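To keep things clear, I will list the structure first and then write my remarks on it.
The values are calculated or read from the model by the stated rules, or taken from the named source; none is laboratory data. Predicted model only: the values in this text are computed from it and were never measured. Positions of Cβ are generated from backbone atoms using ideal geometry, with glycine treated the same way; all protein chains shown enter the neighbour counts. In case anyone asks, the SASA skips ligands and DNA or RNA and just uses the protein heavy atoms, side chains included. Shrake-Rupley method; radii C 1.70, N 1.55, O 1.52, S 1.80 Å.
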Amino acid sequence: MTAPETLHRIPVHPWRWLPWLILSQLLVALLWWRFGWAWGLPLLLASHALFVVPVFLPNSRFYAPVLSRLPAQTVWLTIDDGPSDDTLAILDLLDRYDAKASFFMVGERAAARPDLVREVLRRGHSLGNHSHSHPQARFWALGPGQLAAEIGHCQQVLGELAGSAPRWYRSVVGMTNPFVAPALKRHGLTRVGWSARGYDGVNCTPESVLARIAPDLAPGAIVLLHEGAAHGHNLAIIEAVLQQLQARGLRARLPQATA
């Protein structure tokens, strides 16, 4: 496997997008002044789109590096939104299939259920930062101060419970705006995306989720899963994924860097 340090893609230049933004707007202003609104307005909209669209692309590297696959023969199971009432049952499932996973936890929920956080670690799994309050409707629009607080507070909670702070981070709903990277650099966090997703965090059936995930279950896959969703199918979905991995001779293991 590739050396562990290559997995940790911490932002080096978190504000690298800013000069391009300034340059693009100066160019738009120049062309608007030279050719009028018929040219200026479409160029203004296009230039803004170039900086807005990457926010909503979970594996886009425009604002921060992202790890979306592993250079490995194993599969990385990542479970978002816990801890929850599902956590213990999920841990039992993982034990039954001799599988390991990373739990990307919400800071407030972890602080409220520290026993579950410790049990996850006791059973040999790892933690990831998934924000402090999981503001999914507005996470993409948070400013630098709010984003720094969301990531920093979660990092503090998980670090105190685990004894060491997480090294992995996942944006809420995969959205990464321009102000995420500075916080990642400050805390030494690597942003984690995914290569297999079944949309199990919203209303769904286990069959439909598995149909979407199964084609992408291959060596090196990073699988996005959830716990505690209102639809109540997360346990069945996780077990179906584990069965698929077993049938294909694939093993769910942690990245070497955190094992």
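Quick one, could you list the DSSP H helices from the chain stretching 24 Å or more along their long axis (Cα atoms) with average Kyte-Doolittle hydropathy of 1.0 or above? What comes out of the filter, once short or polar helices are dropped, is 17-35.
Under 5 Å between amide hydrogens, built in the peptide plane, is the criterion, and for residue 101 it picks out 126 among residues at least 5 positions away or on other chains. Classify the chain from the C-alpha gyration tensor, please: rounded if a/c falls under 1.5, else prolate or oblate depending on whether a/b exceeds b/c. Cα axes put the chain in the prolate bin. Let me check I've understood the local charge: for residue 99, count other residues with C-beta under 9 angstrom from its C-beta, Lys and Arg +1, Asp and Glu -1. What total comes out? Computed value for this residue: +2. Close amide H partners of residue 227, meaning residues 5 or more places away or on another chain with modelled amide H under 5 Å apart, are 80, 82. Its DSSP H runs of at least 4 residues, each contributing -39,500 (n - 2.57), put the calculated 222 nm mean residue ellipticity of the chain at -13000 deg cm²/dmol, to the nearest 500.
Mind running the shape call on the stretch 48-128? Use the C-alpha gyration tensor, a ≥ b ≥ c as the square roots of the eigenvalues: rounded below 1.5 for a/c, prolate if a/b tops b/c, oblate otherwise.
oblate
Among DSSP bridges having both ends in the chain, what percentage is antiparallel? Round to the nearest 5. Could you put the intermediate results ahead of the total?
On the way: 1 of 22 bridges.
So the antiparallel bridges in the chain amount to around 5 percent.
Of the candidates 23, 70, 210, which one comes out as most mobile in a Gaussian network treatment of the chain with C-alpha springs shorter than 10 Å? Sorting by GNM fluctuation, first place goes to 23. 3J(HN,Hα) couplings calculated from phi for the stretch 192-205 with the Karplus curve 6.51 cos²θ - 1.76 cosθ + 1.60 (θ = phi - 60°) are, in sequence order, 10, x, 6, 10, 9, 9, x, 6, 8, x, 10, 4, 6, 10 Hz; Gly and Pro show x. Which shape class applies to the stretch 36-88: rounded if a/c is under 1.5, otherwise prolate when a/b exceeds b/c and oblate if not, where a ≥ b ≥ c are the square roots of the Cα gyration tensor eigenvalues? Judged from the Cα gyration tensor, the stretch 36-88 comes out oblate (a/c at least 1.5, b/c at or above a/b).
With every protein chain in place and a 1.4 angstrom probe, the accessible-area ranking of 186, 113, 167, largest first, reads 186, 167, 113.
Expressed as a whole number of Å, what is the distance separating the alpha-carbon centroids of the stretch 108-181 and the stretch 1-74? The stretch 1-74 and the stretch 108-181 have Cα centres separated by 24 Å.
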